[in-house]
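A quick write-up on the structure given underneath.
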Amino acid sequence: MRSHLVWAVVTVAMASACAQRMTREAGGDVAMDSRSTPGAWDSELKGMNGWERIRGSAFALPKDNGTRVAVTVERGFPGSNYGWDVREGTCAAPGRVVGATAGYPTLFIGEDERDAKVADVDARLEPGKPYIINIYSMPAERTTTIACGALTPAVSDSD
């Protein structure tokens, strides 16, 4: 009976850990639980323009006077460097960059075909305004979008 109780506790602990979204950055894991934070945003990224194999996700949380944004790219090409940013608008009609372009660290795709980065943007995302995450084939030029996803509010303030 005691072993069943231990197993149940371990199962619940693992489920709780999986419920929290994680990303890696140079300093270690960064936990961002977007489901329980008012003002949080989520996105699923899909490849485009000949890069359809790429997939990814992003989420954003309010932080002080800005926003912390985490992005994960999967199924990228090993050895590639990709740029990324948050923009106003839609994937079909992207607008201006949110925050400073230099604040978005370059994604370096490893042998596991993935990378994740976190950026602290000096602007808040405004409810009711459309935002996207763009991934670019060239980090400095940001001219060829290879993946995009709409950021949508993860929870409402009344939840």
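The values are calculated or read from the model by the stated rules, or taken from the named source; none is laboratory data. This structure is a prediction, so every number in the text was calculated from the model and none was measured. In this analysis, Cβ positions are derived from the backbone assuming ideal geometry, glycine residues included, and neighbour counts consider all displayed protein chains. Ligands, DNA and RNA are excluded from the accessible area calculation, which covers all protein heavy atoms including side chains. Shrake-Rupley method; radii C 1.70, N 1.55, O 1.52, S 1.80 Å.
Quick notes on this one:
- For Asp64, the solvent-accessible surface computed with a 1.4 Å probe is close to 120 Å², ligands and nucleic acids excluded.
- Loop GluC sites (Glu not before Pro), region 98-153, which have at most 12 other Cβ atoms in a 10 Å radius of their Cβ (DSSP): Glu111, Glu141
- Positive dipole terminus of region 86-134, leading residue within Ile109, Gly89, Gly99 (C-beta point charges): Gly89
- Stokes-Einstein D (µm²/s) once Rh is taken as the Kirkwood radius of region 60-157 over alpha-carbon pairs, at 20 °C in 1.002 mPa s: 156
- Rg/Rh ratio calculated on Cα atoms of region 68-108 (Kirkwood radius): 0.99
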